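Following: one structure in structure tokens, then a few remarks.
We did not get these values from a lab; they are worked out from the coordinates using the rules stated. Predicted, not measured: the structure shown is a model, and the values here were computed from it.
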Amino acid sequence: MKEDQRIKLYAIGIIALIMWFVFFHTETQKWNGTGEVSLFPDSESTKNYRLSADMDIEEKRHGWFHSEYIYTVKTTTWPNGGYSTFTNCIIHEDRNQSCDTDDGKQYTVEVIRWPDMPEDENSPNWAN
């Protein structure tokens, strides 16, 4: 193989590697914290509640151009000091989801504000 052919082949390999990373590489980060949700009781169409919520966040980065967020709402805190615990309440970015609590109530849940990603890499808010 001639020297100029090797250089071209090497350049094509580097370009392919860069394109794979830019367009197809997926990286996932997970963290948790307190955010805010709106709860809409499925039995009543007019009421809704805006509450703080403990949640896990998963960010999937697809290349350099797109990130997808998935929220798992665990508990919400009511103003009277009570709380609701959700079972399997997974919400994809920009969507509402009907979720059940462990006491049998059903709510449509919308994530209003999510916890910021921890800045410190040693923070306990990073999920395993």
### Query
Which whole-Hz ³J(HN,Hα) couplings does the stretch 76-84 yield from phi under the Karplus relation 6.51 cos²θ - 1.76 cosθ + 1.60, θ = phi - 60°, glycine and proline marked x?
10, 10, 8, x, 7, x, x, 8, 10
### Message
Sequence gap of 8 or more, or different chains, plus Cα separation below 23 Å: how many lysine pairs satisfy both in the stretch 26-113?
### Response
6
### Query
Relative contact order, percent, of the stretch 26-113 when contacts are C-alpha pairs under 8 Å separated by at least 6 residues?
28
